[in-house]
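> So that we are looking at the same thing, I have put the structure below in structure tokens.
The values are calculated or read from the model by the stated rules, or taken from the named source; none is laboratory data. Worth saying up front: this structure is predicted, and the values here are computed from it rather than measured. Neighbour counts run over all protein chains shown; Cβ positions are idealised from the backbone, glycine included.
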Amino acid sequence: KKNVDIYLNALEQNKRWLEDSNLSSQTNIAYPQNNSKNNNQIIIGIGSSGPTKKWPTENYIELIKGINNKNIKFYLAGGNNEIENQIANKIINELKDNRIESLCSLSIEEIMPIINSSKLYIGNDTGFMHLSAGLNIPAIGLFGDTPLSYANYTKNIIPIIPKNFKTVGHNSMAMNQITIDQVLNEVRKFI
């Protein structure tokens, strides 16, 4: 509950950032010109607070291939650190597709307008998942080592847990048991 409160309390500041018209001049990102949801834009949440909360990078690569829609732009959201930059670079280099862009070097203020204009969030249980949900963006959250109670506070988070699990919690260490097909089945409901 403490983490959820932190993210929800931050939303008020984030909404002010969304109204900041100077952000687009500070980065090379093409920002949306309005706050409408973009049916062709998906946030992929590759970051996490620890290694047991990360879905394998290879799964994200296969997920993006599986979505198989040439009109969708993918934004890789993670922290500006060596590990998450390496994950983003591996995905980009493997897929060699100009529709995939890393947001890892940007600040939260710079990422917020992109999240706010996106159709969907898919990824690990991270701050970006909670921010997406708080902005009424459907968030497909991958829960293999996080209690489901972290998703139950809003209808905007659609939790996916490993097949044959009734629930998950800390120390489940089951992120690699969430299948690409499970995630694709949920994604297809939104695209």
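> So which of Asn85, Asn71 is farther than 26 Å from Ala151 by Cβ and within 16 Å of the chain's Cα centre (by Cα)?
Asn85
> Which one is nearest to Pro51 (Cα to Cα), of the residues in the stretch 152-191 that are among the hydroxyl-bearing types (Ser, Thr, Tyr) and surrounded by fewer than 16 Cβ atoms within 10 Å (Cβ to Cβ)?
Looking at residues that are among the hydroxyl-bearing types (Ser, Thr, Tyr) and surrounded by fewer than 16 Cβ atoms within 10 Å (Cβ to Cβ), I get Thr179.
> Among the numbered criteria (1) under 17 Å from Gly47 (Cβ atoms); (2) under 14 Å from the mean Cα position of the chain (by Cα), which one does Ser105 miss?
Result: Ser105 fails condition (2) only.
> I need the full set of residues from the stretch 132-180 which are among the aliphatic types (A, V, I, L, M) and in a helix (DSSP H, G or I), in order please.
Correct list: Ala133, Leu148, Met175, Ile180.
> Something else: Glu110 passes all but one of (1) buried (at least 17 other Cβ atoms within 10 Å of the Cβ); (2) out of contact with any Ser or Thr (no Cβ under 7 Å at 6 or more places or on another chain); (3) not basic (Lys, Arg); which number fails?
Looking at each condition in turn, Glu110 falls short on (2).
> In the stretch 97-131, what count of residues is obtained for those that are in a strand (DSSP E or B) and farther than 21 Å from Phe165 by Cα?
The number of residues fulfilling the criteria is 7.
> OK, next. Is there any pair with a first residue in the stretch 69-84 that is among the polar types (S, T, N, Q) and a second that is modelled with pLDDT of 95 or more whose Cβ atoms are under 7 Å apart and which are 6 or more apart or on different chains, and what are they?
What qualifies is Asn80/Cys104; Asn80/Ser105.
> Also, quick follow-up: With respect to the numbered conditions (1) crowded, with 21+ Cβ neighbours inside 10 Å; (2) farther than 25 Å from Asn156 by Cα, which one is the sole condition not fulfilled by Asn80?
Of the numbered conditions (1) crowded, with 21+ Cβ neighbours inside 10 Å; (2) farther than 25 Å from Asn156 by Cα, the odd one out for Asn80 is (1).
> Restricting the search to the stretch 126-160, which residues are over 16 Å from the mean Cα position of the chain (by Cα) and among the hydrophobic types (A, V, I, L, M, F, W, C)?
Hit for the stretch 126-160 is Leu148, nothing else.
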